[in-house]
Amino acid sequence: MRPVIVLALACMATSLVGCGRGTSTAPAPATASSPPIQEVMANAFTPQSNQLWEISGKVYDDEGNISAAMLSEEDWAALVKVATEMRAAATGLKDTANLQVAAPGVKLQGEEGPGALSATQIKALIDALPQEFAAEADRLIEVADGVLAAVQARDAEKLDELSGVLNEVCTSCHTKFWYPEQEAAE
């Protein structure tokens with residue numbers, strides 16, 4: 001059951017942010033020249049989240065027990081990289097005054113679908129609720145910090161818990177700022 005959930009979450013994350021291209025790069029704090037949120041999602045959060053979910057899914061042994069021994073040293077090292085990059089990317093989203101949702105003239109994937117908003121509409125929501133958007137970024141930072149602590153402690157139970165929390169954090173932000181009409185319709 002766990003692999004199906006991980007796969008479903010990975011597919012959902014990818015569909016929400018569009019096709020990720022390039023390698024994962026951790027953006028610096030937002031400035032007028034910071035990449036748009038769409039690019040941060042595609043190039044940072046989507047690959048980071050997918051890798052975290054993939055690795056955290058490995059903590060289960062054949063009997064369904066959670067065990068840190070199921071992860072290799074390479075897995076633990078990859079988690080440090082993922083969490084560090086996730087933390088940096090989330091920190092870059094906290095300065096809402098300088099954020100762009102998408103590059104000028106670029107449409108969001110699925111923008112014309114039912115309940116989807118345009119980049120301009122999303123930016124208006126963020127501008128209207130900057131503290132709430134920054135709080136969502138803080139929640140991502142908390143997950144990243146938790147993953148770093150779990151890695152240091154080799155705490156597979158905590159890592160498993162945080163993979164679920166990450167999904168909740170992503171869903172919370174997306175339903176508030178990316179797809180609020182879909183939440184209202186449910």
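Just so you know, all these numbers are worked out from the coordinates, no wet-lab data involved. None of these values were measured; they are calculated from a predicted model. Using ideal geometry, Cβ is built from the backbone for each residue, glycine included, and neighbour counts are taken over all protein chains shown.
Quick rundown of the values:
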{"quantity": "Ratio of Rg to Rh over the range 92-186 (Cα coordinates, Kirkwood Rh, two decimals)", "calculated": "1.05"}
{"quantity": "Per-peptide average of other Cβ atoms within 10 Å, ordering 63-70, 97-104 highest first", "calculated": "97-104, 63-70"}
